[in-house]
Amino acid sequence: QVVLDLAIESLRQSGHLHLRVQGTSMLPAVRPGTYASIERAGSDQIVCGDIVLTKTPAGVRLHRVVEICGTQFITRGDNHRHADPPVCGEDILGKFVGPRPGVLARLRRWVKAA
């Protein structure tokens, strides 16, 4: 829990967070083991189709927004048939902006640039 609290505070302070995805709920869009780049985003910056990091009683969840009902956001893992319980806009911590390039990808870009 301490690590989770530190990660959430880091995202709030810096606006950025990199975390390693666990689980298969977002297959095929986000694979387990992917280092995800998350940017701080308020509920007014979220639209249907965005993948968001939300705070839940069990920790955090990275799922896609499938419906917005006023101040409630309905999310679902791409690999799930059923939606998650609604979350309030204040429980949205940030938006997934893409996978963080691994060391090999950064090395390939560096070699191509040289």
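The values are calculated or read from the model by the stated rules, or taken from the named source; none is laboratory data. Remember, it's a predicted structure, so these values are computed and weren't measured experimentally. Cβ atoms come from the backbone with ideal geometry, glycine included; neighbour counts cover every protein chain shown. With ligands, DNA and RNA removed, areas are computed over all heavy atoms of the protein, side chains included. Shrake-Rupley method; radii C 1.70, N 1.55, O 1.52, S 1.80 Å.
Points to keep in mind about this one:
- The chain, dipole about Cα centre (Lys/Arg Cβ +1, Asp/Glu Cβ -1), debye to the nearest 20: 740 debye
- The chain: angle of helix 103-113 to the longest principal axis, Cα-based, in degrees nearest 10: 50 degrees
- Under a Gaussian network description of the chain, with springs only between Cα atoms under 10 Å, the residue in GLY70, GLY23, GLY98 that fluctuates furthest is GLY70.
- All other residues whose Cβ lies under 15 angstrom from that of VAL97 are scored, Lys and Arg at +1 and Asp and Glu at -1, for a net of +2.
- Think of the chain as having a plus end and a minus end, set by charges on the Cβ of Lys, Arg, Asp and Glu; of LEU19, LEU93, GLY59, LEU19 sits farthest toward the positive end of this dipole.
- Cβ charges +1 (Lys, Arg) and -1 (Asp, Glu), total dipole of segment 1-65, debye: 200 debye
- Heavy-atom surface of the chain, accessible at 1.4 Å and reported per residue (Å²): 65 Å²
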